[in-house]
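The values are calculated or read from the model by the stated rules, or taken from the named source; none is laboratory data. Keep in mind that what you see is a predicted model, and the values were worked out from it rather than measured. A quick note on method: Cβ atoms are made from the backbone with ideal geometry, for glycine too, and the neighbour counts reach across all protein chains shown. These accessible areas exclude ligands, DNA and RNA; they are computed on the full protein's heavy atoms, side chains included. Shrake-Rupley method; radii C 1.70, N 1.55, O 1.52, S 1.80 Å.
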Amino acid sequence: MVAPHRPPVSPDAALEAHLQATRDARLADYQAFLRFPSIGALPAHDDDVRRCAEWLAAALTRAGLEHAEVAETGGHPVVYADWLHAPGAPTILVYGHYDVQPVDPLELWTSPPFEPVVVDGRMLARGAADDKGQIHAHVMAAAAAFATRGRLPLNVRYVFEGEEESSSANLDRWLEANRERLAADAVIISDTGFFEGNVPSLTVSLRGLMYAQIDVVGPPIDLHSGSHGGVVQNPILALATILAALKGPDGRVRIPGFYDDVVELTEEQRAAMAALDFDEAAYQRAIGVSALVGEVGYSTLERRATRPTLDAHGIWGGFHEAGAKTIIPAHAHAKVSCRLVADQDPAAIFAALRDFVLAAAPPGVDVSVSALGQGRPSRTPEDLPVVRAAERGLEAVFGRRPIHIREGGSIPVTASFESILGLPVVLMGFSQPHENAHAPNEWLDLDNYEGAIRAIIATFDEIAADG
Ligand SMILES: [Zn+2]
């Protein structure tokens, strides 16, 4: 595995000198941002989320940006700011999120999640990588440009969300309502990371998501399995029958029409993926499984990011205490989801799943399927001028041309910017692989963080040079 072969350096010497002189103050500011327990999904932290938003708006103003605002959405606020004094230059909309994932299990953290510490060149705290560290790099990039040049090379609007980790419930409505004031030429989202080995990367596709719950209802109350066993449909077994029908032994999802809208990779794209430095055995060891399985005909990397999936996340019903209790349970439930790829439509996939589940249900139980959330997949045209500018910006700072990667995860907001604002999206993120996002001991490598600040300015310079 190769790390970037030198610490990231800005091609702008004055900027580099300024950034080196201000490093300690910048890290202290980053830590102040991380101290807010802005867990958007937990109502107990609503005040923390709002105080964090207010802090971020003030930080944007301190950096030299204008019109900083904590904008109401109906849920957690969006923090907005802009700087629009580069007439004739393009306008870039920067997106990130200041909300963070819950921190349980707390006992697995080596230090408290909201008391950030630097350990071995890494910032360790909840949100260090996902996504506070990345949006802080954007704010610090603007601050450094203002401090050394008095201006930015292009126009920028910042949209920092507070509900990304809870499905961006109110963002689409906010984007619709603010469509006019959000006029821009492209969106840069910094909420992704580098490739294995910490190779600078641009993410060119993300999977979408369709999440559903299956409820199977049998008798009105639990029944005695001695008195009624043999004549009554068992809801747990009925649910197992349904779940087992969803996928074949070839790893293919059996829902009719499921693959109809899947855009297959070109031979060239498959060859580029195959050429990536990916150690399959090391990956398997890292996640601790005895075998890697999946859809036949596709490589592990392809299956992990470019193919749609179906997974079960939870299953419950009946008796699960110690000892034995002989019942035919009244009901059973499961949560399932599909990761989707372009151009699958989450609503159509939900309808197809529902129809399949209802048809697969054995007699004697009532089955229903409800939708729990959806996000569209997204795909960035790889020859977009902004993508090329970002490649040059990253290469100038990290000394290595970024590769194009396809991510298995979802950032539903990507598709929102594409469909609501009609803007191309460049996913330029800076976290390292295995940075424990969403898990205990989340971290961001400080070289990546410092490099991000420099690469953001270099990319802005490249975009402005393109005109
Ligand atoms: Zn994130």
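For this structure, a couple of remarks:
- For segment 13-35, filtered to residues that are touching a His at 6+ places or on another chain (Cβ under 9 Å) and not aliphatic (A, V, I, L, M), the residue that is farthest from V49 (Cα to Cα) is R26.
- In the set I236, I221, only one residue is modelled with pLDDT of 95 or more and either in a helix (DSSP H, G or I) or open to solvent by less than 20 Å² (accessible area, probe 1.4 Å) (or both); that residue is I236.
- Residues that are small (G, A, S) and open to solvent by 70 Å² or more (accessible area, probe 1.4 Å) number at least 1 in the following helices (runs of 4 or more DSSP H) confined to segment 261-340: 267-274, 280-287.
- The residue of segment 188-211 that is most open to solvent (accessible area, probe 1.4 Å), among those that are farther than 27 Å from A89 by Cα and within 16 Å of the ligand (Cβ to nearest atom), is L209.
- When the test is whether a residue is at pLDDT 95 or above and under 19 Å from the mean Cα position of the chain (by Cα), D82 does not pass it.
- Consider segment 408-420 and keep the residues that are over 13 Å from the mean Cα position of the chain (by Cα) and buried (at least 19 other Cβ atoms within 10 Å of the Cβ). The one that is nearest to R376 (Cα to Cα) is S416.
- The conditions of being within 16 Å of the ligand (Cβ to nearest atom), on the phi < 0 side of the Ramachandran plot and crowded, with 18+ Cβ neighbours inside 10 Å are not met by V387.
- Taken over segment 64-104, the criterion of being out of contact with any strand residue (DSSP E or B) (no Cβ under 9 Å at 6 or more places or on another chain) and on the phi < 0 side of the Ramachandran plot is satisfied by G75, D104.
- Restricting attention to segment 113-126, the residues that are open to solvent by less than 10 Å² (accessible area, probe 1.4 Å) and either over 20 Å from E165 (Cβ atoms) or part of a helix (DSSP H, G or I) (or both) add up to 0.
- Candidates are the residues of segment 156-187 that are assigned to a strand (DSSP E or B) and out of contact with any Gly (no Cβ under 9 Å at 6 or more places or on another chain); the one that is nearest to the ligand (Cβ to nearest atom) is V187.
- Segment 127-155, subset in contact (Cβ under 8 Å) with a residue 24 or more places away in the chain, in a loop (DSSP other than H, G, I, E, B) and more than 12 Å from the ligand (Cβ to nearest atom), residue nearest to W443 (Cα to Cα): L152
- In this structure, V117 does not qualify as more than 24 Å from A28 (Cβ to Cβ) and at pLDDT 95 or above.
- Residue within segment 225-233 that is under 30 Å from I403 (Cβ atoms), open to solvent by less than 60 Å² (accessible area, probe 1.4 Å) and either touching a residue at least 40 places away in the same chain (Cβ under 8 Å) or part of a helix (DSSP H, G or I) (or both) present: no
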